[in-house]
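Heads up, the thing below is written out as structure tokens.
The values are calculated or read from the model by the stated rules, or taken from the named source; none is laboratory data. Since this is a predicted model, take the numbers as computed values, not measurements. Here Cβ is always computed from backbone atoms with ideal geometry, including for glycine, and neighbour counts include all displayed protein chains. Please note that ligands, DNA and RNA were not included when accessible areas were found on the heavy atoms of the full protein model with its side chains. Shrake-Rupley method; radii C 1.70, N 1.55, O 1.52, S 1.80 Å.
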Amino acid sequence: MLGWEFPPFISGGLGTACYGLTRALSDLGHHVIFLLPQPVATEFATHVQLKTPASASPELLAEVYKAYTLSEFKNVEFRAIPAMLQPYRSPDDTSYERTESVTQSMDVHDYQPQGGGAAGAAPPPSVVAEAIRAAGASAHYGGDMFAEAQRYARIAVLLARDENFDVVHAHDWMTYPAGMAVARARGKPLVVHVHSTEFDRSGENVNQKIYDIEREGVHAADRTIAVSHLTRNILVARYAARSEKVEVVYNAIDYNGNGDKVELPPAIQRDEKIVLFLGRITMQKGPEYFLAAAKKVLGHVKNVRFVMAGSGDMTRRSIELAAELGIGHKVVFTGFLRGDDVARIFKMADLYVMPSVSEPFGIAPLEALSHDVPVLISKQSGVSEILTHVLKVDFWDIDEMANKIIAVLRHPPLQNTLREHGSFEIQKLTWRDSAAQCVRVYGDAIAARPGTR
């Protein structure tokens, strides 16, 4: 399995999804070798135990990767790769334009399998060592995502040559080059997992290089997992994916009374209601529609405060917009939240709103429901396909969004009904079921390549 984030170092829902899915696969008895970019500050990961594999010298290992295990993942091995994959960067970042396609310059590891899916002849040790040093020797990375994805891919193949596995599972575009390279080098089937597309993140103004990588990954894969039918339809229509090779596996949440033991901070004001936006403050998440609806709500309900929890390239613009609308005194920007702070803000909220313009799935509404918070989501979200006891609205319809926010704030029976039914509804959405579906997809991918086991 190839990913670019994992708790406690997360920037979005993919890390949460990888955590739940990997733990469920482990519980089902499947062995997972998870390759991840090296964490920035492992000293803060109190539940991570670092260990040194015997296959490399301590000097080389220090520059390349660390394998770590989590006590709750009995069938999972983690391998850390020195690459700084940071996906949520502004589309205007000039670093997008500085590097050739990450699928090029793979000569170091481009050896072919020889019979029965076994690994082909490995590069000479001196070549391997030099490639590793070149890919991971510097502690400071240049910030070019394409170069970092290439670094990740190169080292992933070097590590995978000594591992025993049946299938390669790659999460989102930054790991597709690594997934394709590992699958090719070892002659194994490839499954790519699409949590988001460039059309979701950037609308029609897509970054061509990212789109090309996504398309190549989907076409190279033996099977593709989409997190919703919304995403599946985009893959078929925009990426020319073969529909029979794309399976939908919804994300989930393991409900266990989340946040029940979290202590609440003092209330902002005893008589104020809290309407929460929690997510990346980017074009995809629709923060401007949230603020426009807030303006309308405040014209009818005064004792309400809007909280925007998160960070992103539209944070400054959102702060300025709140001021321009004359509601800056009623909007709180918390910055990025994690851990218990997320649980606390959910416990304070009277309503959670996700006004996403294009949301492949959306785990945050499930988290809100697990904390007994009523939810209002856009119809342009994958999670709306599986949730019944929530309010839904088109992201652009700020009048209807405001009307539904007002209805929840003014009518406690509606709020209680949404809370009770929503909490019951998510109990059937488990990562164990999602993992079992992924296992079936693995089986289909393996069956598509006879003789690869």
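Among residues of segment 407-428 that are closer than 15 Å to residue 346 by Cα, those with a Cβ under 8 angstrom from a residue that is small (Gly, Ala, Ser) and surrounded by 13 or more Cβ atoms within 10 Å (Cβ to Cβ), sequence gap 6+ or separate chain, pair up as 423/370. Residues in segment 309-333 that are surrounded by 15 or more Cβ atoms within 10 Å (Cβ to Cβ) and either under 16 Å from residue 12 (Cβ atoms) or acidic (Asp, Glu) (or both): 309, 310, 311, 312, 313, 314, 315. Annotation note: of 392, 404, the sole residue that is at pLDDT 95 or above and in a helix (DSSP H, G or I) is 404. Against the list (1) touching a strand residue (DSSP E or B) at 6+ places or on another chain (Cβ under 7 Å); (2) free of Cβ contacts under 8 Å to residues at least 24 places away in the same chain, the condition residue 324 fails is (1).
Each row is one residue, and each column tells you yes or no for (1) acidic (Asp, Glu); (2) surrounded by fewer than 24 Cβ atoms within 10 Å (Cβ to Cβ); (3) in contact with a Leu (Cβ under 8 Å, 6 or more places away or on another chain); (4) in a loop (DSSP other than H, G, I, E, B).
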| residue | (1), (2), (3), (4) |
| --- | --- |
| 159 | no, yes, yes, no |
| 163 | yes, yes, no, yes |
| 183 | no, no, yes, no |
| 204 | yes, yes, no, yes |
| 215 | no, yes, no, no |
| 224 | no, no, yes, no |
| 233 | no, yes, no, no |
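The residue pairs whose first member lies in segment 381-395 and is open to solvent by less than 30 Å² (accessible area, probe 1.4 Å), whose second member is among the polar types (S, T, N, Q) and assigned to a strand (DSSP E or B), and whose beta carbons are closer than 9 Å, counting only pairs six or more residues apart or on different chains, are 384/378; 393/378.
Consider residue 289 carefully, then state whether it is open to solvent by 30 Å² or more (accessible area, probe 1.4 Å) and closer than 28 Å to residue 202 by Cβ. Yes; evaluated as a whole, the condition is true for this residue.
Here is the figure for segment 185-200: residues that are within 15 Å of residue 14 (Cβ to Cβ) and assigned to a loop (DSSP other than H, G, I, E, B) total 3. When residue 377 is tested against (1) free of Cβ contacts under 8 Å to residues at least 40 places away in the same chain; (2) part of a loop (DSSP other than H, G, I, E, B); (3) buried (at least 16 other Cβ atoms within 10 Å of the Cβ), exactly one condition is not met: (2). Per the conditions (1) touching a Lys or Arg at 6+ places or on another chain (Cβ under 8 Å); (2) exposed (fewer than 13 other Cβ atoms within 10 Å of the Cβ), the sole criterion not satisfied by residue 416 is (1).
Among the residues of segment 190-199, write down those that are in contact with a strand residue (DSSP E or B) (Cβ under 7 Å, 6 or more places away or on another chain) and open to solvent by less than 20 Å² (accessible area, probe 1.4 Å). Within segment 190-199, 190, 191, 192, 193, 194 meet the criteria. All told, residue 300 meets the bar of being of a type outside the set (Gly, Ala, Ser) and closer than 17 Å to residue 272 by Cα.
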